[in-house]
Structures are given as C-alpha cells and as structure tokens.
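Q: Below is the structure I would like to discuss, written out as structure tokens.
The values are calculated or read from the model by the stated rules, or taken from the named source; none is laboratory data. Keep in mind it's a predicted model, so treat the numbers as computed, not measured. When we count neighbours, we look across all protein chains shown, and the Cβ atoms used for this are built from the backbone with ideal geometry, even at glycine.
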Amino acid sequence: MIRGSAQVESVASEPRIGVYVCRCGGNISDVIDTEKVAETIKLVPGVRVSKVHSFMCSEPGQAMIAEDIKKEQLNRVVVASCSPFLHELTFRVAVRRGGLNPYLYEHVNIREQGSWAHHGDPEGATVKAIRLVAAAVHRLYHAEPLEQIRLPSHRRALVIGGGIAGLKAAVDLAAKGVGVVLVEREPELGGRVLGLARLFPTDDSGRAQIDRLVREVCNNPNIEVLTGTVIKGVSGFLGNYDIAVGPALAAGAAGVDVGGAKDKKLSVGAIIVATGHDYYRPSLGEYGFKRYTQVVTMPEFIDLLAGASGDGIQWNGQRIHRIGFMHCVGSRQIEGIHPPQGDGKVNDYCSRVCCTTVLHQAVHAKRRFPNLAVFDFHQDIRTYGRLHEDYYRRASEAGVIFFRFHGDDPPLVEEGVDGFPIQVRLKDWLTWGEEVVVPLDLLVLAVGMVARDNRELVNLLKLPTGADRFFQEVHPKLRPVETSVNGILLAGSAQAPMTIEETLASASAAASKAACLLAHDSVELEPFKARVDADKCIGCGLCFPECAYEGALVRTSVEREGKTVTLAKVNPGLCVGCGACVPVCPTRAIDLQGWTLNQFEAMVDGLLSAPLPSKEVTSESSSHGQTH
Amino acid sequence: MAHVVNTDLVDDLKTLGARQIEACFNCGNCTAVCPLSKDDVAFPRRIIRYVQTGMKDRLCGSIEPWLCYYCGQCSETCPRNAKPGELMMAARRYLIGAYDWTGIGRRLYLDSRVELGAVLGLAAIVVVLFVLFAGPMTTELTAEGGVKLNTFAPARVIELLDWGMGGLLAVLLLSNVWRMHRWIMRREPGLKVPLGAYIRGLATLFTHFFTQKQWLGCKGAGERITATKWFKHFCIFAGYVTMFVLIVVFLRWFQTDAVHPIWHPQRWVGYIATGALLYGVGSALVARWQKRHESHKHSHPSDWIFLVLLLLTTVSGILVHLFRINGLAYATYVTYVIHMAVLVPMLVVEVPFSKWAHLAYRPIALYLQRVQQQARETQARTANLQPQPVQS
C-alpha cells in the first residue's frame, strides 16, 4: 500500500517532468518506434528527461526512475507502457522511492491501446503514442500531491448466510482475528448441503461436513451466530457499515420458530454475502415433470437412493429396474426452444455441478444395485473438476448407457409400453441421429442451480447481478470475490453455480479479502474523490440529484458574512469518484481530486499540440484517421 | 421407426469375448485410426454403438465386422481401454451364430463346453463307425512295401461319405449365407440391385476368397507385422484348401495303396500343402500363446479349438502317410481312425457353425459391399445424380 510521503511539492514550482517509454521486450517496440516517441516528446515544455527501457517494470527500470527523480530534480513522472491495471501501482511505488508523491505520476497505455491495437499501422501507432504521452505531460502540469484517505473502521465482518460457504468464511475470518456475525434466515445452520446424502469426491455425507464446521463456529467466541434472522437495513461504507437485523418471521409463516431472534443493530467493517442458490424448479410437463409421478428431481432422487433398503430402490411402491438421468434441466437453455423464466430470459448458463452429480449418483446406485439398468441423456458430459472424470469412466465401466441429444431438440418423455410407466424418446447423436426409445421406471431430472430470489437483499446492498441473476463480481479473474461495492464480498453459489469444493475455496478467498480490508483499525481509500471548494459553493444544490451514492454528498451549514448558508460537502467514504456532480456545478466549486476539469482541458491541449516526428508520418497517419 | 433400447446384446457380446466395451465413450478414435474404415463403412465405433444400445437388427445387417482384420490399432489407441478390436472379433462370432438358422452356432459359441462336447461326441461316433464297419486290418504289404490302407478303409466308400457330409455342410453353410445376404441387403431397403451387379461382383468374391488381399490394407504402425500375419494366414488357407480339394475331389488319386516316387505330384503337392498348414497353424498357436500382438492377447476358446483341431488333423494326416509308406500297418490304421476322428468334427462343427465359416463370410461380405456399390452407382446414373456415400 502506498502511504503518504513526507515529501511536499510546491504546485507552483516549475514542472520538471521525466518521461519513460517502455519497449515491453518488443511487445510495444515491434510496432511503435519507442526511440522516436522518447526523442519527440522532449520537445514538449517541461520534459527534462526522456528515456527508453526494454522492461520498465523490471528492477533496473524502476531504479532508473527513482534515481532520475533525485539526480534531475524531477517533480513529475510519466511512464508509457502497458495497461495501468497491470503496473500503475508498480510505478507509483517507484516514484515514491525517488522521494516524490506517488500521485504526481501518470501512466500511459501504449500497449493494449497502442501496439496491440494498431499492429498493422506502425507509423500511426507511433503518432498516437506521442499524442497520448503529450496529453499525460500536460495533465501533470496541474497535478497536485494527494494523500490516501484514511477512515477508522470496525474490525468485524457480517456474513450473510449460514450454509457451507458462510460457515467456512466465518471460521476463516475468526481465525484471522476478525470478529464475525453470522446471520442465517433458517432456524438451523447448514443450508443446502444438509440435504446431500453423499458428496463427491469424498463420499461423506453433507451433514458430517456441516457438523464439523458448525462445531468450529459454535466453539469460537469470536463468532456470533444469529439464526432465524434476516437483514433489515444496511447503510455506511467500507469499514463502517451499520446493519439492522430482525427476526425472519415472514408474513403468513406463523408458527415458525425464530429461535429468539430479535431486532438488533450491528456495526461491521465488511460484509460477505453467502446466500447460496436455489434448485431449478421444472415447469409443469417439462420432461414429464408432475405429469408422470415417475419423473423426479435430483434432490429427490438423492434422498430416495440414500433411503433405499438392501433389496432395491422403491418409488411409489414400485421396484425400480431402469433409471434414466436427464442432464441440463433448467440449464443451457436456448431462446425459442425453452420457455423463458420469470424475468423473460432463459437460463443459458451451464450449472456445472449436475454432470458430475449424475455420474456420482449413477455410480453409487450401480454399486449398490448392480442389476439396475442406468441410462444417461446428455448434451455434453462436463466433468471438468479434479477427479470428476473418474466418475464418468466408472459410470461407463459399470455399464451406464449414454445418449446424446442436441440442445435444440430435447428428448421427449411419454407414457411407456410393455409394463414400463414412462419412456424417453430422443434423436441420439451417438448413433448418428437415430430415433431411440428408452423405457424407464424412473426418470431423474438433474436440475441446475438458479439464483435465489433475494430482491430485498439486493436492494439493501445495492449489488449488481449478472444476466444469469446471480451476484456479479468486479472481474472474474482479477477481482473474483469482490463486488463493485467496496467492502462487500461474495462467497459460494450466490455468485454462480459451483461445487462444494469451489464454494469453500471462494468462501476462504472472500474471508481473506475481508481480513485484508480489516487488517487495521482504519481503511485506506484512493484519493480520487469529489471535493467542494467551500469558497466557490453557492449552495444551489444542483449536485445532489446527480449523486447516485446515498450519503456521498451531504449538506453542511457554515457561517458566511454573518449568515448561515447550506453548502455541499463530500463524505469520502461513500464517494466513488464517478464525477457525475462535477459538470452540473455552475461555479466550478466541485471537482474531482486527481481528475480535475483543468487537467482534462490540459490533456486535450496536449493531444492537439503534440509535436509530431515528421510531415511524412503526419500526412500518412491523417489518411489513416489516426489524428484526433 | 424408433429403436427400443435393450441391454441384452452387450452381455451376449461380452460372453463372446468383448471386454470392457461399456467403457467406450464414443469418442471415435478407433474409427479414426482404423486403416480400413472408410466414409461409407465406418467402424469400429458404429458397431460398438449398435452393441451398447442393443440394435440387433443393425448388427446383423452389418458387413463391418467382416471388413476388420484385427490389426489392433484401435485397441492400442483407445483412451478408455475398451478394446474395440476385441469387440469386432466378438461381433464376428456373434454374426456366425446369428446367420446360422439352426441355432447350433450360437449355442456352441456361447458355451465352449458345448462346442468341446460336440467335437468329442462326433469323434466318438467316427471311432464307433470304424469299429463297426471298417475292413480287415491286413498286415500284408504292397509290392513297394506300403500298407494296404484301402482294404481297411476303401477310398470309394470314404469318398461317398465325404460327399454326403460335404453336401450336408454345404447346404447348411449356403443357407446361412443366404440369410446373411438378406440381412445385409435389408440395410438399404430403397436400393434396387440389378442381377448384373451380382454377376459383375463375382470377380471381387473370388479375388478376396483366394487372396485375402483386403487384409493388406491394415497399414499403419505395423505394416511388416501385417504382411507377416497375412502370410501365415495365407499358408493356413492355401494348405487347407489344397488338402480339402485333394481329399474331397481327388481322394481315389490321393489315398492310394501304391507308394509313388518322391517326384510324383501326389507326394510333393501333399508335402507342400501340409508343410504350409503346419507352419501356419503352428505359428498361429505360438502367437496366441505368447500374446505379443494385440490381436493375440485375448483368445476365445473357439479360437483354440479351431487351431488345435487343424493341427491334430494335419499331424495325424502326416503320420498316416509316413506309417503307410513305411509299412507300419497297425500304426497306419490307428492313426487313420484318429485322423478321421479329428477331421470330421473339425469340418462338421467348424464349417457351418463356428470359426471356419469366416472362409465364406468374409469374401461374401466384400462381395456384397461391391454389389451394393454398383447398385448405388447404377441407381445414381439412372437418377442422373452423382453417387453419394451413405450417411456415416
């Protein structure tokens, strides 16, 4: 983390700017003439040093920058290299090593937005790079040293959901010394996993798994468990959330034991959302569901198999000899083929766990009852996880017979003949599209996972959801358990369909992330927040309706010329720095630190006044539409 | 017509030698790697699928099992170790049983004890017949010092019995071939086959019957092995056919009391043919014993019975000859009875009901494939269309 340095820059002092152009080992320099960029940019006023390096992010590259700052008395630095996502932080640290405030630094992306995007046009890309660097230099004329915002925070986290994800997150957080409040709507902890008699790949029961975690949770004095409780209100920001909870007793659910849950206020620094999923509920008649009693869902079958006695599986008093498993029920739906869900969209995603679940159950059923004939109807077999493929192999070896259908031509379930109650009819693509009929005693629908209908919670937390209705992370790779709301994290299948292993990994990740955020008694935020110049503010109030973040702009009363006036003030904990308030201010009293209007204007100036290498290049690049 | 899946067929095929065929997940590597599989007749995957889903009609109408010569590449490359090659082998056994309308073939294949019992029973009958009806066992020798075998077992009587048995077996085999033909032709109901196609295809029939040259298409990693295996098999085939012709058609010329000089064709033709048989059968037995090549790793009891009967027939035949020309009368008579007691069950059990039948079914499958191709071409020409391969 960057800490405020003792260095104080005089804004008025003459800018002495260092420009550093990275070749990125050819990634940039194979297209862009980096030497020419460095040479040309020297013509921009204020540029004292302009250098090229093969890998600016390497230790020698960083050391060069830090050294130049001291030797050449630089007071601003530009690095033109890759995306700031990758190395902005790297160079801020390098600049601080040189004794400079890290916000007197500007990062220019000439790789993703330069050499990679324009590899067919080296001259144009070079001109674009020069213009972008010139804009950055101009922006830095108006840069001021900034400090990170430090806010006091509660070293305590709220975990919503007492299923396996919530339990795991709570245990991990408590182990790192962070206090936890675990809130569960149901009277009992454990969630969906309690209903799973046999888990892959360990073959132990869901209850055994949950019991272990519940024991850890209950024995930990750092964890407060509130069952039969729901979230009633959320306000605040990272480090300072105020939560209201209350009994889960819903209207009409009289008689439900809430276990002594009562209304309560909590103060926490971070929130982990571990609210889990629902199973897809097939519509009436979908694969014969509810039309034939012999069509059941996977959770029902898991119970049935677990409860079966030694002499076979019984369903409705009938002995089962032939079982079919239907994959992708409620998953990988196709618009126009499958009826839309409540929100008008189909579930086009893959639920990921059903394939392995089917094969795991099939193998188990075959092992217990070797004379059982088992049939599997799939679009694809997606046994993607560690050891999952083993179940596929073992199911095959045990004699499970597989059929493959196309998603746009799903199998039909009809009344059976010859003593079989039902039969499945499909075009089998493993047999070159031939129509086959499979008589069955029981058809198991491998229902997928769907997002819970959690509208109230979504509204309270203001969390974004994806097209699949699950909670959405900021970035699937770079920030996989964080939401766009600072301090709210995701754990488990509230985010997407996942296996128990993945759920536990995700819960641990969310717990670690929360523990990092709450590692100290305070949290540090980037300084890019709105700022009100109280002298210029006339209290017109135009900015308030623009602000989308409740509490980010507050009214404050000040004495001015003997009168009390109401002015706008920014709460930096809640301001996200979106800048929506800036353009409506008639007096330019409100501005964004680090991204001021002056700086934007200067960047435009920089783009337009950039010195270009030669006429020849300019004219050519114009013809390519590269000029701005 | 939708096909109703049943699960019995896979059990049958497993009894017939298919191994972990359930493990197949239909990836198609076997078909891709098979040097003989073509677009219009793609195998082994197709046959595996018929077996997995219990499509008996489709399997019975398939020529694919007869186009496979078991190079073993499919089994070696199978990612699930499902042994497609062994399945094709089992499918051939299944088809031999299925073509046979008497149901005997199926019984013999499904239970090897029945096959062994049939062999021993027939042998016993032969011995009893000799005991009851054989001529006097004279120790008097011919002028050249040979045994008077024709006094004990006159060639003209044996010849008549030969023809009687041959006729019966031919009727059985040909009726099975007719069923095979009908089933294969039923696979393409819309195809009209003109008589000309049957006649023009005869060249294919004879070529493949006499040369087994299709086998040489088993190219790939083991080209040299293929050629060696083909040569050994050809030795068995050529030796066998030669001896068969000598015994059935020229018995009076072949089974003589006179001891001919060494350059006489009766002797050197016989020596070459039996030598080839001995070499072919012997090396086949050794290979199955050693289990080095994929195709020799999993022998079915019927494979052993066939080879052992052939070997015993050959060896006993050679001994009869040696004893006869050296004037060992009793030894000649005893080995002759043994020879017949092995030869008769070998023919009766194997020709229409068991492994021997592939001598007929393989070339006929290739013949019918050729006939179908020509019929398709004719049909396409009359419809003024280019010939199109059937959907694979």
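Q: Could you list, in sequence order, the residues of the range B:203-235 that are among the β-branched types (Val, Ile, Thr) and under 21 Å from B:Glu294 (Cβ atoms)?
A: Of the range B:203-235, the ones among the β-branched types (Val, Ile, Thr) are B:204, B:207, B:211, B:225-226, B:228.
B:Ile225, B:Thr226, B:Thr228 - these are the residues of the range B:203-235 that are among the β-branched types (Val, Ile, Thr) and under 21 Å from B:Glu294 (Cβ atoms).
Q: I've got another one for you. Just to be sure before I move on: is A:Asp203 crowded, with 18+ Cβ neighbours inside 10 Å, outside the structural domain of A:Gly551 (by TED's automatic domain parsing) and outside any strand (DSSP E or B) in the structure I sent? Give the derivation first.
A: Numbers: crowded, with 18+ Cβ neighbours inside 10 Å: no; outside the structural domain of A:Gly551 (by TED's automatic domain parsing): yes; outside any strand (DSSP E or B): yes.
Criteria not met by A:Asp203.
Q: For the range B:142-167, which positions are loosely packed, with under 15 Cβ neighbours inside 10 Å and either part of a loop (DSSP other than H, G, I, E, B) or outside the structural domain of B:Val320 (by TED's automatic domain parsing) (or both)?
A: B:Ala143, B:Glu144, B:Gly145
Q: Follow-up question, since we're still on this one. Here is a list: B:Glu22, B:Glu115. Which entry is closer than 28 Å to A:Leu359 by Cα, among the acidic types (Asp, Glu) and either within 13 Å of another protein chain (Cβ to nearest Cβ) or surrounded by 22 or more Cβ atoms within 10 Å (Cβ to Cβ) (or both)? Steps first, answer last, please.
A: Values: B:Glu115 fails: closer than 28 Å to A:Leu359 by Cα.
Step by step, each of B:Glu22, B:Glu115 is checked, and only B:Glu22 is closer than 28 Å to A:Leu359 by Cα, among the acidic types (Asp, Glu) and either within 13 Å of another protein chain (Cβ to nearest Cβ) or surrounded by 22 or more Cβ atoms within 10 Å (Cβ to Cβ) (or both).
Q: From the list A:Val225, A:Val181, A:Val171, which one is within 17 Å of A:Ala491 (Cα to Cα) and assigned to a strand (DSSP E or B)? Walk me through how you get there before you give the answer.
A: Working: A:Val225 fails: within 17 Å of A:Ala491 (Cα to Cα); A:Val171 fails: assigned to a strand (DSSP E or B).
Being within 17 Å of A:Ala491 (Cα to Cα) and assigned to a strand (DSSP E or B) holds for just one of A:Val225, A:Val181, A:Val171, which is A:Val181.
Q: Could I ask something else about it? Just one of (1) within 22 Å of B:His208 (Cα to Cα); (2) within 14 Å of chain A (Cβ to nearest Cβ); (3) crowded, with 23+ Cβ neighbours inside 10 Å trips up B:Ala42, so point out which.
A: With respect to (1) within 22 Å of B:His208 (Cα to Cα); (2) within 14 Å of chain A (Cβ to nearest Cβ); (3) crowded, with 23+ Cβ neighbours inside 10 Å, B:Ala42 is out only on (3).
Q: Provide a single number: the residues in the range A:391-408 that are within 14 Å of chain B (Cβ to nearest Cβ) and in contact (Cβ under 8 Å) with a residue 24 or more places away in the chain.
A: Let us first name the residues in the range A:391-408 that are within 14 Å of chain B (Cβ to nearest Cβ), namely A:391-405.
Filter once more, so that each one left must be in contact (Cβ under 8 Å) with a residue 24 or more places away in the chain: A:391-392, A:394-395, A:398-405.
Of the residues in the range A:391-408, 12 are within 14 Å of chain B (Cβ to nearest Cβ) and in contact (Cβ under 8 Å) with a residue 24 or more places away in the chain.
Q: Same structure, new question: If you scan the range A:590-628, which residues turn out to be in a loop (DSSP other than H, G, I, E, B), modelled with pLDDT of 50 or more, of a type in the set (Gly, Ala, Ser) and under 23 Å from A:Thr126 (Cα atoms)? Working first, answer last.
A: Quick first cut of the range A:590-628, residues in a loop (DSSP other than H, G, I, E, B) only: A:593-596, A:610-614, A:624-628.
Pick out the ones that are also modelled with pLDDT of 50 or more and you get A:593-596, A:610-614.
Filter once more, keeping what is of a type in the set (Gly, Ala, Ser): A:594, A:610, A:614.
A:Ala610, A:Ser614, listed by residue number.
Q: Checking the conditions here, which among A:Gly606, A:Gly577 is surrounded by 15 or more Cβ atoms within 10 Å (Cβ to Cβ), within 24 Å of A:Glu524 (Cα to Cα) and not hydroxyl-bearing (Ser, Thr, Tyr)? Walk me through how you get there before you give the answer.
A: On the way: A:Gly606 fails: within 24 Å of A:Glu524 (Cα to Cα).
Only one candidate qualifies: A:Gly577.
Q: Which ones in the range A:29-42 are among the hydrophobic types (A, V, I, L, M, F, W, C) and closer than 15 Å to A:Val78 by Cα? Spell out how you get there, then give the answer.
A: The initial filter retains those residues of the range A:29-42 that are among the hydrophobic types (A, V, I, L, M, F, W, C), namely A:31-32, A:37-38, A:41.
Across the range A:29-42, the qualifying residues are A:Val37, A:Ala38, A:Ile41.
Q: Looking at A:Gly99, A:Gly124, A:Gly120 in this structure, which one is surrounded by fewer than 24 Cβ atoms within 10 Å (Cβ to Cβ), in contact (Cβ under 8 Å) with a residue 24 or more places away in the chain, in a loop (DSSP other than H, G, I, E, B) and in the same structural domain as A:Lys36 (by TED's automatic domain parsing)?
A: On the way: A:Gly124 fails: in a loop (DSSP other than H, G, I, E, B); A:Gly120 fails: in contact (Cβ under 8 Å) with a residue 24 or more places away in the chain.
The conditions single out A:Gly99.
Q: Scan the range B:27-37 for residues that are surrounded by 22 or more Cβ atoms within 10 Å (Cβ to Cβ) and within 12 Å of chain A (Cβ to nearest Cβ) and jot them down.
A: none
Q: I need a count of the residues in the range A:144-166 that are assigned to a loop (DSSP other than H, G, I, E, B) and buried (at least 24 other Cβ atoms within 10 Å of the Cβ).
A: Quick first cut of the range A:144-166, residues assigned to a loop (DSSP other than H, G, I, E, B) only: A:144-148, A:153-155, A:161-162.
Narrowing further to those that are buried (at least 24 other Cβ atoms within 10 Å of the Cβ): A:153, A:161-162.
The qualifying residues number 3.
Q: Here's a follow-up. Just one of A:Thr587, A:Thr556, A:Thr503, A:Thr564 is in a strand (DSSP E or B), touching a residue at least 12 places away in the same chain (Cβ under 8 Å) and farther than 21 Å from A:His138 by Cβ; which is it? Break it down into steps so the answer makes sense when it comes.
A: Working: A:Thr587 fails: in a strand (DSSP E or B); A:Thr503 fails: in a strand (DSSP E or B); A:Thr564 fails: touching a residue at least 12 places away in the same chain (Cβ under 8 Å).
Only one candidate passes the filter, namely A:Thr556.
Q: Among the residues of the range A:362-379, write down those that are in contact (Cβ under 8 Å) with a residue 40 or more places away in the chain and either of a type outside the set (Lys, Arg) or within 14 Å of chain B (Cβ to nearest Cβ) (or both).
A: Pass one, the range A:362-379, residues in contact (Cβ under 8 Å) with a residue 40 or more places away in the chain: A:364-365, A:368-369, A:371-379.
Of everything in the range A:362-379, those that are in contact (Cβ under 8 Å) with a residue 40 or more places away in the chain and either of a type outside the set (Lys, Arg) or within 14 Å of chain B (Cβ to nearest Cβ) (or both) turn out to be A:His364, A:Ala365, A:Phe369, A:Asn371, A:Leu372, A:Ala373, A:Val374, A:Phe375, A:Asp376, A:Phe377, A:His378, A:Gln379.
Q: From the set of residues in the range A:409-420 that are surrounded by fewer than 19 Cβ atoms within 10 Å (Cβ to Cβ), in a loop (DSSP other than H, G, I, E, B) and over 38 Å from the mean Cα position of the chain (by Cα), which is farthest from the other protein chains (Cβ to nearest Cβ)?
A: If we filter the range A:409-420 for residues that are surrounded by fewer than 19 Cβ atoms within 10 Å (Cβ to Cβ), which is where we start, we get A:409, A:412, A:414-415, A:417-420.
Subset that is in a loop (DSSP other than H, G, I, E, B): A:409, A:417-420.
Filter once more, so that each one left must be over 38 Å from the mean Cα position of the chain (by Cα): A:417-420.
Working: A:Val417: 9, A:Asp418: 9, A:Gly419: 13, A:Phe420: 10 Å.
Among them, the one singled out is A:Gly419.
Q: Another question, then. Can you pull out the residues in the range B:1-18 that are part of a loop (DSSP other than H, G, I, E, B) and within 11 Å of chain A (Cβ to nearest Cβ)? Please lay out each step first, then the result.
A: Taking the range B:1-18 first, the residues part of a loop (DSSP other than H, G, I, E, B) are B:1-2, B:5-7, B:16-18.
If the condition is that a residue be part of a loop (DSSP other than H, G, I, E, B) and within 11 Å of chain A (Cβ to nearest Cβ), then B:Met1, B:Ala2, B:Val5, B:Asn6, B:Thr7 are the ones that fit.
Q: Go through the range B:126-141 and give me each residue that's assigned to a helix (DSSP H, G or I) and touching a residue at least 40 places away in the same chain (Cβ under 8 Å).
A: From the range B:126-141, those assigned to a helix (DSSP H, G or I) are B:126-133; that's our starting set.
Those that are assigned to a helix (DSSP H, G or I) and touching a residue at least 40 places away in the same chain (Cβ under 8 Å): B:Val126, B:Val127, B:Phe130.
Q: Which of the residues belonging to the range A:102-117 are touching a Phe, Trp or Tyr at 6+ places or on another chain (Cβ under 8 Å) and either surrounded by fewer than 21 Cβ atoms within 10 Å (Cβ to Cβ) or among the aromatic types (Phe, Trp, Tyr) (or both)?
A: So in the range A:102-117, the residues touching a Phe, Trp or Tyr at 6+ places or on another chain (Cβ under 8 Å) come out as A:105, A:107.
Selection gives A:Tyr105 alone.
Q: Considering only residues that are surrounded by fewer than 23 Cβ atoms within 10 Å (Cβ to Cβ) and touching a residue at least 60 places away in the same chain (Cβ under 8 Å), look in the range A:423-449 and name the one that is nearest to the other protein chains (Cβ to nearest Cβ).
A: This residue is A:Pro439.
Q: Can you report the number of residues in the range A:282-299 which are surrounded by fewer than 14 Cβ atoms within 10 Å (Cβ to Cβ), modelled with pLDDT of 95 or more and closer than 27 Å to A:Ala494 by Cα? Explain how you work it out, then say what you get.
A: Here is the first cut: in the range A:282-299, the residues surrounded by fewer than 14 Cβ atoms within 10 Å (Cβ to Cβ) are A:283-285, A:290, A:293.
Next cut, modelled with pLDDT of 95 or more only: A:290, A:293.
Within this subset, residues satisfying the condition of being closer than 27 Å to A:Ala494 by Cα are none.
Residues flagged as surrounded by fewer than 14 Cβ atoms within 10 Å (Cβ to Cβ), modelled with pLDDT of 95 or more and closer than 27 Å to A:Ala494 by Cα within the range A:282-299 amount to 0.
Conditions (1) among the small types (Gly, Ala, Ser); (2) at pLDDT 95 or above, marked per residue:
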{"residue": "B:Phe250", "(1), (2)": "no, no"}
{"residue": "B:Asp257", "(1), (2)": "no, no"}
{"residue": "B:Ala273", "(1), (2)": "yes, yes"}
{"residue": "B:Leu278", "(1), (2)": "no, yes"}
{"residue": "B:His300", "(1), (2)": "no, no"}
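Q: Right, another one. Looking at B:Thr226, is it modelled with pLDDT under 90, surrounded by 14 or more Cβ atoms within 10 Å (Cβ to Cβ) and of a type outside the set (D, E, K, R)?
A: yes
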